[in-house]
Every structure is written in structure tokens, then in C-alpha cells.
Amino acid sequence: MRVTVDRGRCVGSGSCALAVPDVFDQSPRDGRVVLVMQTPDPHLHEATEAAADFCPVSAITVGER
Ligand code: SF4
């Protein structure tokens, strides 16, 4: 799994960082998403996919390595 985020699209809702803090964080400067782990460990895959689905502006993309 490879994760990418579009910080330009992010509206800083923070739901991804709350749901999967090992993968997503929020910038203290602008509140937008910061990608902590681009290739999450297998036990984080399900939660990472859910976070992508729940992002209100579809700023998270999950693909193959
Ligand atoms: S869920 Fe989407 S809009 Fe909210 S902080 Fe994460 S990437 Fe940004």
C-alpha cells in the first residue's frame, strides 16, 4: 500500500489524523494533513483505507506500492 495526500485539497478536518495517527498528522501551522507514513504497515491498511473513504474532500489516495 502506498498513500498520497493532496495538501492543496485538504480542508483540515482532522478526521484522518484522529483515526490513524500512525499514518496521518495535522500541521500545527496550517491545520492541513501531514503524511507520517507513506507505506503503512499491514495492520494499518484497513484503517487507512477507511480514512481515505471518510475524507470529506477525497484528499487521500491509496494505491499499490
Ligand atoms: S480527512 Fe481529508 S480534509 Fe480532513 S485532515 Fe485528513 S486529508 Fe485533510
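The values are calculated or read from the model by the stated rules, or taken from the named source; none is laboratory data. Predicted model only: the values in this text are computed from it and were never measured. Counting neighbours? That spans all protein chains shown, and the Cβs are built from the backbone with ideal geometry, glycine included. Ligands, DNA and RNA are stripped out before the accessible areas are found, and what is left, the full protein with its side chains, is counted by its heavy atoms. Shrake-Rupley method; radii C 1.70, N 1.55, O 1.52, S 1.80 Å.
List of remarks:
- Highest to lowest packing among 35-47, 6-18, scored as the average C-beta count within 10 Å: 6-18, 35-47
- Calculated P(r) of the chain - Cα pairs past 14 Å, %: 46
- Helical contribution to [θ] at 222 nm, DSSP H n ≥ 4, -39,500 (n - 2.57), averaged over the chain, rounded to 500: -6000 deg cm²/dmol
- Solvent-accessible area, 1.4 Å probe, carbon plus sulfur percent, for the chain: 49
- Relative contact order of region 2-63, taken over Cα pairs closer than 8 Å and 6 or more residues apart, is 44 percent.
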